[in-house]
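Here's the structure, in structure tokens; my notes come after.
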Amino acid sequence: MYLKSIEIAGFKSFGKKAILDFTTPITGVVGPNGSGKSNVAEAFRFVLGEQSIKSLRGKRAEDLIFNGGKDSPRANRASVKLVFNNAERILSIDFDEVAIERVVNRDSSSEYLINGSPVRLKDIIELLAGAHIGASGHQIISQGEADKILNASIRDRREMIEDALSLKVFQYKKEESIRKLEKTEENTKQVESLRREIAPHIRFLKKQVEKIEKAAEMRTELVSRYHEYFRREEEYLAAEKKSIMAEKSPLAAEREKLERELAQAKLVLAASASKDEKTGEVMAVEGKLKDARAGKDALSRAIGRIEGEISSLVRLVKKQQEASANALQKTVELSSVETMAREIDLEASASAHADTGALKGIIESIRKIVRNFIEKHKAAEAKQELSDLEHEIKRLEEEKKAHEANMADAARAETGLAEEYAFLKSEIEKEKDSNRDAEKTMFRIVAEENDIRGKLSAIDARESRLRHDEEELRREQQEGSIIAGIQALHFKDFWPTHAGGTPLSVDEIANEPRAMQEDRRRAIEKIKIRLEDAGVAGGDDVMKEYKETSERDLFLEKELADLAKSSEALKTLIAELDEKLATEFKTGVAKINGEFQKFFAAMFGGGTASLAVVKEKKRRRSDTELPAGDDSEELAEAEEEGEEGLEIEVSLPRKKIRGLMMLSGGERALTSIALLFAISAVNPPPFIILDETDAALDEANSKKYGDMIAALSEYSQLILITHNRETMSRAGVIYGITMGADGVSRLLSIQFEEAVQVAK
């Protein structure tokens with residue numbers, strides 16, 4: 001026995017707990033009308049998950065709860081518990097005994113429990129479906145519903161058969177797969193919409209990233225060029241500085257030596273008793289000559305400084321000219337734009353009453369205003385900067401010319417003093433007086449000192465240029481660190497090499513023509529201008545945003561691929577389920593037809609009965625089928641094939657009756673019973689409940705009905721709610737339902753064998 005018992009408490013007329021134990025293959029439930037017999041069948045429907053209150057003969061969930069009687073208070077809840085023997089695991093749960101319980105409260109809330117643990121209705125349905133049990137399936141046939149399968153449409157009849165054949169599990173899976181497929185397609189549309197939304201932004205960011213990457217490449221190249229330029233420049237300046245010091249140190253020492261000797265000679269002349277007028281003249285001329293040469297040297301240094309500044313400004317002018325040639329964006333003052341707008345408005349206001357020719361003239365005037373505005377401001381800012389630089393260069397050149405004029409005057413004064421000095425020297429040389437030896441020595445020293453001073457002056461000019469180059473290098477390094485980053489200053493580890501990779505020597509770097517280093521500097525300036533034109537400020541933020549957006553797009557693309565894969569899998573599953581349903585349904589119908597014929601022949605003593613798969617005929621209107629000459633607006637109707645269903649074909653023995661419409665009430669009852677029994681025999685459920693399905697049978701047919709019940713009990717437990725004596729005689733246990741004045745249904749039970757013993 002699979003079904004052990006049912007416990008009813010507070011459900012409908014069962015105000016007190018009632019337990020029905022099912023210990024025999026056939027159990028009968030009897031009692032007078034209105035005692036609550038059919039409430040037992042409805043209790044089965046209720047606990048198995050029936051959701052239609054109307055099917056349970058109520059309007060609200062509260063109608064299912066015992067409402068009290070004369071001496072009995074109303075219940076606050078109704079519960080029904082069904083206990084199964086699960087030793088053979090007819091239910092896919094690892095318990096030998098399974099108790100399924102449903103509780104409904106006065107607030108209409110429901111609870112479902114399996115072995116006392118709360119579960120969902122879905123869990124109950126899935127658990128029972130595996131054992132061919134359903135809330136309103138073929139295993140529960142209530143009073144008045146015996147011929148329900150006969151009255152149903154072919155489509156509803158097919159669903160009943162599918163339910164009886166346990167194909168609902170596949171239907172649930174198919175419906176769930178269809179819902180998942182629809183959800184998947186909806187998600188696919190949403191993901192595609194999201195990708196379409198971010199696609200333009202990704203394209204924009206991609207262009208920005210390409211600019212940034214190109215700028216990064218230029219910056220990398222700039223760093224590399226800076227490394228070579230800075231290293232070569234530092235090595236050149238260091239070598240030049242070393243060379244200047246090597247040349248200057250001995251000359252400075254020699255000059256100091258001569259100055260000491262000159263001072264000594266002057267002391268001798270000053271202390272000489274034979275000092276004469278010529279000696280004083282010589283000393284005076286020598287002092288003036290020294291001052292003239294010092295002034296000349298100062299002017300030479302000033303001219304060198306100015307030349308360095310001019311050279312630097314000329315570089316800036318060239319850079320500005322190149323930048324102006326490559327500039328893509330210009331800033332214009334708002335006042336200038338407003339002025340242009342007023343001029344355009346003035347021209348446009350004249351177009352109100354103008355003809356076509358005048359309009360063309362006005363349009364041309366507006367175009368001219370715009371062109372003039374563009375030309376005027378095309379390079380206004382750059383022109384102003386160039387003008388300022390050129391003005392500064394002009395000022396320095398004028399200052400240089402003034403210094404050069406002073407330099408010429410100083411040179412002429414020096415020449416005059418030198419000639420006077422030479423004349424005095426020759427006069428003194430003519431005199432053979434030994435007192436003139438000091439003067440001769442002084443002349444020699446002055447001559448040598450003049451030569452050394454000339455050399456030192458040239459060296460000072462080189463030092464001035466060196467200092468200017470050092471300042472220019474520091475400025476370039478500072479600018480390079482701003483444009484190319486601090487990496488531009490990490491050039492200490494770099495060393496220039498030949499084309500073959502052999503390192504250059506210091507002498508090769510120092511003796512390289514300066515024009516080559518100038519070419520490197522110009523190449524650096526060009527890259528700097530291109531970098532400024534790129535205008536990729538905030539590159540890190542753009543790269544980060546592009547990376548995040550690209551990752552999101554990649555994620556969405558992967559999601560689309562997964563959704564497409566899932567969609568294909570669901571379509572394949574749905575196709576497989578359709579094929580499975582078709583195969584199982586076809587096989588099941590063939591088996592049911594075999595049992596249907598057997599039960600039908602037993603009921604009617606012959607004849608034929610079968611289920612036939614047909615397609616539903618639908619009527620549709622067609623304007624192509626209107627009869628000729630019909631002026632009405634009504635459309636003709638045409639048949640078209642719809643969904644598949646099941647038609648019942650019967651043929652009674654000894655009668656020319658074919659089709660259900662020609663059967664009498666009793667014949668319909670026997671046919672429906674034969675079909676229901678055939679279905680149960682093909683796919684027997686653990687139990688079948690028959691609620692007064694034999695009410696319309698006469699005595700002869702009741703015996704046949706009893707024989708069929710006995711045969712069916714070999715496959716399933718039967719619970720029979722009946723008034724028929726023949727049917728009662730087949731039951732092993734009979735439960736009697738009575739109802740007292742308090743309106744509460746009560747149970748009385750007796751085993752049939754014991755009743756026979758008592759009767760004897």
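A short reminder: the numbers here are calculations on the coordinates, not readings from a lab. Because the structure is predicted, anything quoted here is derived from the model rather than measured. Here the Cβ is made from the backbone with ideal geometry for all residues, glycine too, and neighbour counts use every protein chain on show.
Some notes on this structure:
- Proxy reagent accessibility, fewest Cβ within 10 Å first, across M708, M739: M739, M708
- In terms of its Cα atoms, segment 175-237 spans 86, 20, 8 Å along the principal axes, sorted from long to short.
- Above-threshold pairs, the threshold being 27 Å between Cα atoms, out of K174/K615; K565/K615; K290/K401: K565/K615
- Cross-link pairs beyond the 29 Å C-alpha cut-off, checked among K37/K580; K288/K440; K368/K394: K37/K580; K368/K394
- In terms of surrounding Cβ atoms within a 10 Å radius of their Cβ, D707, D507 rank from fewest to most as D507, D707.
- Cβ crowding within 10 Å averaged over residues, with 240-251, 447-458, 17-28 ranked highest first: 17-28, 447-458, 240-251
- Cα gyration tensor of segment 6-140 - equivalent ellipsoid semi-axes, whole Å, descending: 24, 18, 14
- 3J(HN,Hα) couplings calculated from phi for segment 572-586 with the Karplus curve 6.51 cos²θ - 1.76 cosθ + 1.60 (θ = phi - 60°) are, in sequence order, 5, 5, 4, 5, 5, 5, 4, 5, 5, 4, 4, 5, 5, 5, 4 Hz; Gly and Pro show x.
- The relative contact order of segment 659-736 comes to 34 percent, based on Cα pairs under 8 Å that sit 6 or more residues apart.
- In terms of Cα atoms, the Rg and Dmax of segment 64-186 work out to 18.2, 61 Å.
- A straight line joining the Cα centroids of segment 1-59 and segment 182-198 runs 51 Å.
- Scattering from segment 13-68 was approximated by placing one identical point on each alpha carbon and applying the Debye formula without solvent; log10 I(q)/I(0) at 0.14, 0.16, 0.21, 0.25 1/Å stands at -0.44, -0.57, -0.95, -1.22.
- Remark: T572, T693 ranked as T572, T693, counting other beta-carbon atoms within 10 Å and listing the fewest first.
- Dipole moment magnitude, nearest 20 debye, segment 14-171 about Cα centre, only Lys, Arg, Asp, Glu C-beta charged: 640
- Alpha carbon Rg of segment 150-262, scaled by the compact-globule rule 2.2 N^0.38 Å: 3.36
- The packing ranking of peptides 694-700, 480-486, 512-518, highest mean first, is 480-486, 694-700, 512-518, where packing means the average number of other beta carbon atoms within 10 angstrom of each residue.
- Over segment 454-564, the reciprocal of the mean inverse Cα-Cα separation, the Kirkwood hydrodynamic radius, stands at 19.1 Å.
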